[in-house]
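Q: Structure provided below as structure tokens; questions to follow.
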Amino acid sequence: MKIHLLIAAVLLLGTIATAKDMPMQGTIVSENSVSCGSQAQGKKKTTDLMCQEYVIRTESTEYHVRQEKEAHKELLPVNAPIELTLKKDKMKFKVDGKEYEMLVVSESAVPASANTPATPKP
């Protein structure tokens, strides 16, 4: 009996692990500029480096992702539908035919109000 439970647990965990690698549908919900370090500009002067942080919403989860390198400054369109894959702490997706790989900095459940369709008022 214990062997059957162990096999079932291994199969369930394997299914969950591969689900992260499967393509998911999502939408870029918002973009913010955030500090992602600083750069020396002489003896005592430093400049803050800014990175874009995007909120990407799937059916059940919101992911906050940032570009890994400050050099990638291209802004992505908000409300753009994307197909994404997750692998460890990286997210890969395509927008307008271009591929991007970003670092997942946090994730949370989609707020209940985001799942509920708006009802028109009479």
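Q: Can you tell me how many residues in region 35-49 are part of a strand (DSSP E or B) and loosely packed, with under 14 Cβ neighbours inside 10 Å? Give the steps one after another, and end with the answer.
A: Of all residues in region 35-49, those part of a strand (DSSP E or B) come to 35-40, 46-49.
If we keep only those that are loosely packed, with under 14 Cβ neighbours inside 10 Å as well, we get 35, 37-40, 46-49.
Of the residues in that region, 9 qualify.
Q: Taking strands (runs of 3 or more DSSP E) that fall entirely within region 54-113, which contain at least 2 residues that are touching a Phe, Trp or Tyr at 6+ places or on another chain (Cβ under 9 Å), surrounded by 13 or more Cβ atoms within 10 Å (Cβ to Cβ) and acidic (Asp, Glu)? Explain how you work it out, then say what you get.
A: Details: elements: 61-67, 81-87, 90-95, 98-109.
Ranges flagged: 98-109.
Q: Moving to a separate point now. So is Glu59 touching a Lys or Arg at 6+ places or on another chain (Cβ under 6 Å), under 18 Å from Met22 (Cβ atoms), at pLDDT 90 or above and charged (D, E, K, R) or not? I'd like the intermediate steps shown before the answer.
A: On the way: touching a Lys or Arg at 6+ places or on another chain (Cβ under 6 Å): no; under 18 Å from Met22 (Cβ atoms): yes; at pLDDT 90 or above: yes; charged (D, E, K, R): yes.
Considered against the rule, which asks whether it is touching a Lys or Arg at 6+ places or on another chain (Cβ under 6 Å), under 18 Å from Met22 (Cβ atoms), at pLDDT 90 or above and charged (D, E, K, R), Glu59 comes out as no.
Q: Additional query: When the residues of region 34-83 are narrowed to those that are touching a residue at least 40 places away in the same chain (Cβ under 8 Å) and of a type in the set (D, E, K, R), which ends up nearest to Gly97 (Cα to Cα)?
A: Glu83
The values are calculated or read from the model by the stated rules, or taken from the named source; none is laboratory data. This one's a predicted model, so the numbers in the text were calculated from it and none came from an experiment. So basically every Cβ, Gly included, is an ideal-geometry build from the backbone, and we count neighbours across all protein chains shown.
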